[in-house]
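A short worksheet on the structure shown next.
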Amino acid sequence: MKFLIVDDDPVILDLLTEILSGYGYEDLVTATGAEDALNILHKQDAPFDCLMLDIQMPGMDGIELCRTVRQMPDYAETPILMITAMSDKPYIDYAFAAGATDYTVKPFDVVELMSRVRNVERNNPHGRMGMFDPTGRGATPKTGYDYPVPVTGSVNGFIRMTVLENYARSIQKQRIFAMVAFAIHIPELKEVHESTTSARFAKVLTGIARAISETLLGTQAFMSYIGEGKFLCICDHTRLMEITALQSELAMVLSEDEYVPSGVAEGGLSVIVGPACVPKAFDRPKDLKFIERALDGLESREASHVNRPARSIAARLFQRFSFH
């Protein structure tokens, strides 16, 4: 792998170079600031496979550099690791919103840092950031209904699932418990997938993604499509409306033609929103238990959603035919 390391502190540059070299990475280039980094990027014949950026630097900071790099065709998908002393949630949010792939705080632990580097390499065996790999082994993912497909276009807050997990770990490691995870299911997406082309399905997904993003505006939300018609969302729980209200509002937004054309599914699109789950004090960041609870909660909510009409009909029949 070929690395570009950007930091205005020569001590950190030497330290990262020494660490990476010790683990067998020899193709390393350093830059002392954003301007220096951009000059190097423009002069390279072969793109870098991974960028490591500090945030606080003179002139253009690392977040703006990240945003600028993402506009370059060769680096639209390249892993970008933020390595910085800034541990407050707004900095983490701004970094991921600008396109960061992962985030670690100085002083960093060498084992943890290399674990993140290895994760980048494992999920991108050819050095380029591809679609989310549900196997975790660097295999080419399936593109059917059961697995994620990319949300095309620029949708505010939508990132890949692997990046969303990195974001959650970064926030949780800083002991920031204001975030909450919940999942959304659009059951009719299975019908849409079976009855249309891949391009059309991706377009419908993007429309739903925009509707979700618009509904969660102001909650500092990051989201990802995780397959099977489901979306995972992480946001500030102090800004999130009550889940029942969110479900109703999203259903109303999706009923409009602005985001998803009418007629994509017979009877329209319905929405099931699972419970909001917060990290617990003793959860380990690497386990992401609160996300697991959110997905389990959605399954429980779906079971009650499916069974409710049957129970309602049975109750009406019982009332109609029972003798008093």
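Taken together, the values in this text are just the output of simple stated rules run on the coordinates, not laboratory data. All values reported here derive from a predicted model rather than from experimental measurement. Positions of Cβ are generated from backbone atoms using ideal geometry, with glycine treated the same way; all protein chains shown enter the neighbour counts.
Things worth noting here:
- Antiparallel bridges, percent of DSSP beta bridges restricted to the chain (to nearest 5): 45
- Full extension of the chain segment joining MET60 with SER154 gains 31.5 nm, where the gain is 0.36 nm per residue of separation less the Cα-Cα distance.
- Using the Cβ-Cβ distance between SER198 and GLU228 with R0 = 25 Å, the FRET efficiency computed as 1/(1 + (r/R0)^6) comes to roughly 0.95.
- Exposed GluC sites (Glu not before Pro) absent: longest stretch of the chain, with sites in DSSP loops and at most 12 other Cβ within 10 Å deemed exposed: 27-241
- Taking Cα atoms only, the orientation of helix 10-22 departs from the longest principal axis of the chain by about 80 degrees.
- Exposure proxy ranking for THR219, THR78, THR244, based on other Cβ atoms within 10 angstrom of each Cβ and starting from the fewest, stands as THR244, THR219, THR78.
- Distant-in-sequence amide contacts of TYR103, defined by a placed amide H-H separation under 5 Å and a gap of 5 or more residues or a different chain, comprise MET82.
- Extension gain from GLU256 to ALA178, taking 0.36 nm per residue of separation minus the Cα-Cα distance: 24.9 nm
- The alpha carbons of the range 2-123 give a radius of gyration and a Dmax of 13.0, 37 Å, in that order.
- Length gained when the stretch ALA85-ASP27 is fully extended (0.36 nm per residue, less Cα-Cα span): 18.4 nm
- Pairs of alpha carbons in the chain whose separation is greater than 36 Å (percent): 25
- Within a straight-line Cα-Cα reach of under 18 Å, LYS190 can be paired with the following aspartates and glutamates, leaving aside sequence neighbours fewer than 8 residues apart in one chain: ASP146, GLU228, GLU266, GLU299, GLU302.
- Set of lysines with alpha-carbon distance to LYS2 below 30 Å, sequence-local pairs under 8 removed: LYS43, LYS89, LYS106, LYS142, LYS173, LYS286
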